[in-house]
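J.: Mind looking over this structure? Questions follow.
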Amino acid sequence: MERLFEAVTGLKADTDYEALKLGWDAAAASFQDGNLDIYCNPTNAPSPVLTQIAVTNPIRFLGIPQDQLESEAITALASRPGFGLATLPAGIYGDNQVNSEDTTTLRVTVGIITNQDADEEMIYQMTKTFYAGVEEMRDSAPWLRAITPEAAVQDINMPLHPGSLRALEELGVTIPDAARI
């Protein structure tokens, strides 16, 4: 986030502003209590943590300005494996989200890694069970809508475990060459 702030604003951490590194819970509580001016949390929208904050506090999402989206610094950040640009919809956090327009932000893909020697059948079953559970819980946890089998390989730059490869293929996912051993 420090690199993103510097790319967008030119401000340097600990020179132009004080950057704190807190645990997830402490950071969210500190922001909700008004003890932090800016709070960063890599999460899917609508995030339960940000939803809780927006229940009691007006919030504004700081995005990447349209005229900077193709700058060298933003392109360098967004083109790294597992990163990209994403849109945070206006109003996704209700009436206390004061953004009147969508916000462009940095997207981060998180993966689950296993040992290459892990049992193929176990990894196959775990992958199938994981996505079945996500599907089952989508209605009660809207943030899970971003978790899809297709998204699992969207930014992948390493081979999938054979068990995951088989499970994702059975789920109808087109597997990129980078994900094959």
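J.: Once both labels are modelled 7 Å past Cα along the beta-carbon direction, what's the T15-V134 spacing in nm?
T.: It is 4.0 nm.
J.: Something else: In whole percent, and with a 1.4 Å probe on the protein chains, what portion of the accessible area of the stretch 64-181 is carbon and sulfur?
T.: Numbers: 3940 of 7470 Å².
Here it works out to 53 percent.
J.: While we're looking at this one, here's another question. Taking K and R as +1 and D and E as -1, what net charge do the other residues with C-beta under 10 Å from the C-beta of R166 add up to? It would help to have the intermediate numbers written out before the result.
T.: On the way: positive: K128; negative: E120, E121, E169, E170.
With Lys, Arg at +1 and Asp, Glu at -1, the net is -3.
J.: Mind running the shape call on the chain? Use the C-alpha gyration tensor, a ≥ b ≥ c as the square roots of the eigenvalues: rounded below 1.5 for a/c, prolate if a/b tops b/c, oblate otherwise.
T.: Details: a/c = 2.08, a/b = 1.59, b/c = 1.31.
Prolate, since a/c reaches 1.5 and a/b exceeds b/c.
J.: For the chain, what does -39500 (n - 2.57) per DSSP helix run (n ≥ 4), summed and divided by total residues, give at 222 nm, in deg cm²/dmol to the nearest 500?
T.: Working: 6 runs with 60 residues, N = 181.
One gets -9500 deg cm²/dmol as the mean residue ellipticity at 222 nm.
J.: Same structure, new question: Given a 1.4 Å probe, how much area per residue of the chain is accessible, in Å²? Let's see the in-between values first.
T.: Details: 11770 Å² over 181 residues.
Dividing the accessible area of the chain by its residue count gives 65 Å².
J.: May I ask you to derive the relative contact order of the chain, considering only C-alpha pairs under 8 Å and at least 6 residues apart, and to give it as an integer percent? Let's see the in-between values first.
T.: Values: 190 pairs, mean separation 32.7, N = 181.
About 18 percent, as a whole number.
J.: Just add up the charged neighbours of Q66: K/R +1, D/E -1, any other residue whose Cβ is under 12 Å from the Cβ of Q66.
T.: On the way: positive: none; negative: D67, E70, E101, D102.
Computed value for this residue: -4.
J.: Moving on to the next point. In the neighborhood of T56, defined by Cβ-to-Cβ distances under 13 Å, what is the net charge if each Lys or Arg adds +1 and each Asp or Glu adds -1?
T.: Values: positive: none; negative: D33, D95.
Charge balance near T56 sits at -2.
J.: Mind checking which helices in the chain clear 18 Å along their axis (Cα) and have mean Kyte-Doolittle hydropathy of -0.5 or more, DSSP H runs only? Can you show the working numbers first?
T.: Values: long enough: 120-137 (26 Å, -0.38).
Those that clear 18 Å and a mean of -0.5 are 120-137.
J.: Still on this structure, please answer the following. Filter the GluC sites (Glu not before Pro) in the stretch 100-157 down to the DSSP loop ones having no more than 11 other Cβ atoms within 10 Å, then list what survives.
T.: Values: sites: E101, E120, E121, E135, E136, E150; in loops: E101, E150.
Those satisfying the criteria are E101, E150.
J.: Hey, in the GNM for the chain with a 10 angstrom Cα cutoff, which one of Y93, Y17, Y39 fluctuates hardest?
T.: Fluctuation is largest for Y17.
J.: A further question on this structure: So how strong a dipole does the chain carry about its Cα centre when Lys and Arg Cβ are +1 and Asp and Glu Cβ are -1, to the nearest 20 debye?
T.: Details: 11 positive and 26 negative charges, 9 e Å.
Computed about the Cα centre, the dipole is about 40 debye.
J.: What range in the chain is the longest one free of trypsin sites (Lys or Arg not before Pro) that are in a loop by DSSP and have at most 15 other Cβ atoms within 10 angstrom?
T.: Numbers: sites that count: K12, K21, R60, R138, R180.
Result for the longest clean stretch: 61-137.
J.: If each residue of separation counts as 0.36 nm, what is the full-extension length gain between I113 and E70 once their alpha-carbon separation is subtracted? Walk me through the intermediate numbers first.
T.: Numbers: separation 43, 0.36 × 43 = 15.48 nm, distance 3.17 nm.
Length difference between fully extended and current span is 12.3 nm.
J.: Given the whole protein assembly as supplied and a 1.4 Å probe, what does the accessible area of V49 come to in Å², nearest 10?
T.: 60 Å²
J.: Estimate the FRET efficiency between E101 and D177 by the formula 1/(1 + (r/R0)^6), using the beta-carbon distance for r and 35 Å for R0, to the nearest 0.05.
T.: Details: r = 38 Å, r/R0 = 1.08.
Computed FRET efficiency for E101 and D177 comes out at 0.40.
The values are calculated or read from the model by the stated rules, or taken from the named source; none is laboratory data. All values derive from a computational prediction rather than experimental measurement. Every residue, glycine as well, gets a Cβ built from its backbone with ideal geometry; the counts of neighbours run over all protein chains shown. Each accessible area value is taken on the protein alone, full model and side chains, heavy atoms only, with ligands, DNA and RNA left out. Shrake-Rupley method; radii C 1.70, N 1.55, O 1.52, S 1.80 Å.
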